Amino acid sequence: MTSLLDQAAVVAPTSAGANRGVRRPVMAVVAVGSLLAVWELVKVLVPENGVSVAGVRVLPRTDDGALPHVWSVLAALTEPEVNVAGARSVGAAIVSSGLFTFGLAVLGFALGTVVGLLLAVTMQRFVWVERSVSPYVIVSQTVPLIALAPLVAGWGGKIAIGGYAWQPWMSITVIASYLAFFPVAVGMLRGLRAPDRAALDLMHSYAAGWWSTLVRLRLPASVPHLIPALRLAAAAAVIGAVVAEISTGTTGGIGRQIIVFSQQATGDASRLYAAVLGAAVLGLVVTALVSLLDIALGRYAGRSPGRKDRS
């Protein structure tokens, strides 16, 4: 009887995981296709000057200077970045700048994840830390990022670590981690508290200390809460990196590329939209990396005893 139950517990999640693995890419393609269809539908149905009611514009302009066609955006990727022979294409410029921002976003995501995990474990261990720190953690997310980025860059310019001067990319990484740590801390704290009372009492009856309970019970039970938090943190890290590049004027990243193309978008915003879509794709790529962690942590989490939300 026990072996049959164990086999059922293993086969059911595997089958469900396989279905999810097929369904997610299909849903992603459907979502992108629907977005493009709505985009073109708006171009067809909404007048070029938009729609105004009592002098107030309720629908935006849809001319090429405000909303180009999808195929115009795709065609812009093959155009030369500047009108010089041998110049790289707009698509190549977006890829190059995207890789630069990708590295900074991943560093910020990693740093924010470490800070969020340590903060969550500390708050779970010491109630007084949660009561004293959690209000400041919440308030920290209300500070406008566009105002915080120049401050971080200014403070960093006065710092030298081991004789090594602070670099502009470090400010971007710090700002990206600033947005990433919050969802990780909140999700991880909730996950650490997921085990029910019976499981905690069982660990207590075995004379298990705090560390053993953390490793054997709380951490496995926290994985279902941690993975969604990491996805949010990954997207937030990309947003933080792009906004920081724009706010601080750092060159080389896709944020700066958006500024350059926006200045060139006089009658045709195709290049600007291409850069924005490149930033969106970058966010999807970084978020997809979390799926690798989901696979790696799935076996570790298993069917953790004491998880309140078993499915």
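Using the Cβ-Cβ distance between V82 and V139 with R0 set to 35 Å, the FRET efficiency from 1/(1 + (r/R0)^6) comes to roughly 0.20.
Taking every protein chain into account, the 1.4 Å probe leaves V82 with about 70 Å² of accessible area, to the nearest ten. Starting from the Cα of A198, step 7 Å along the direction of its Cβ; do the same at V46; then give the gap between the two resulting points in nm. Reported label-point gap for A198 and V46 is 5.5 nm.
Solvent-accessible surface of the chain, averaged per residue with a 1.4 angstrom probe and all protein chains in place: 57 square angstrom. Under 5 Å from the amide H of S89 lie the amide H atoms of E81, each residue being 5 or more positions distant or on a separate chain, with H modelled from the backbone and absent for Pro and chain starts. Heavy-atom accessible area with a 1.4 Å probe sorts T142, T101, largest first, into T142, T101. Structure remark: mean-square fluctuation, Gaussian network model of the chain, C-alpha springs under 10 Å; the largest value among I159, I254, I227 belongs to I159.
Take the solvent-accessible surface of the protein heavy atoms, probe 1.4 Å, and return the percent of it on the range 47-165 that carbon and sulfur atoms account for.
70 percent
The order of the peptides 170-183, 24-37, 198-211, 145-158 by mean Cβ neighbours within 10 Å, most packed first, is 170-183, 145-158, 198-211, 24-37.
Taking the Cβ-Cβ separation of L118 and D64 as r and a Förster radius of 41 Å, what is the calculated FRET efficiency to the nearest 0.05? Walk me through the numbers on the way to the answer.
Numbers: r = 50 Å, r/R0 = 1.22.
It comes out at approximately 0.25.
Apply the a/c threshold of 1.5 to the C-alpha gyration tensor of the range 36-122 and tell me whether it is rounded, prolate or oblate. Taking the square roots of the gyration eigenvalues as a ≥ b ≥ c, the range 36-122 is oblate.
Under the membrane-span-like helix rule (DSSP H runs whose alpha carbons stretch at least 18 Å along the helix axis, mean Kyte-Doolittle hydropathy 1.6 or higher), the chain yields 90-125. Between the beta carbons of V32 and S132, assuming R0 = 51 Å, the FRET efficiency works out to 0.70 to the nearest 0.05.
Quick check: from the Cα gyration tensor, does the range 230-273 come out rounded (a/c under 1.5), prolate or oblate? Spell out each step's value before the answer.
On the way: a/c = 3.76, a/b = 1.84, b/c = 2.04.
It comes out oblate by the Cα gyration axes.
Within the range 37-64, find all residues whose amide N lies under 19 Å from a label point positioned 7 Å from the Cα of L74 along Cα-to-beta-carbon. Within reach of a label on L74, which here means backbone N under 19 Å from a point 7 Å along Cα→Cβ, the range 37-64 contributes 37-44, 64.
The values are calculated or read from the model by the stated rules, or taken from the named source; none is laboratory data. Note that this is a predicted model, so its numbers are computed, not measured. Neighbour counts run over all protein chains shown; Cβ positions are idealised from the backbone, glycine included. Accessible surface is based on the protein model in full, side chains and every heavy atom, while ligands, DNA and RNA are left aside. Shrake-Rupley method; radii C 1.70, N 1.55, O 1.52, S 1.80 Å.
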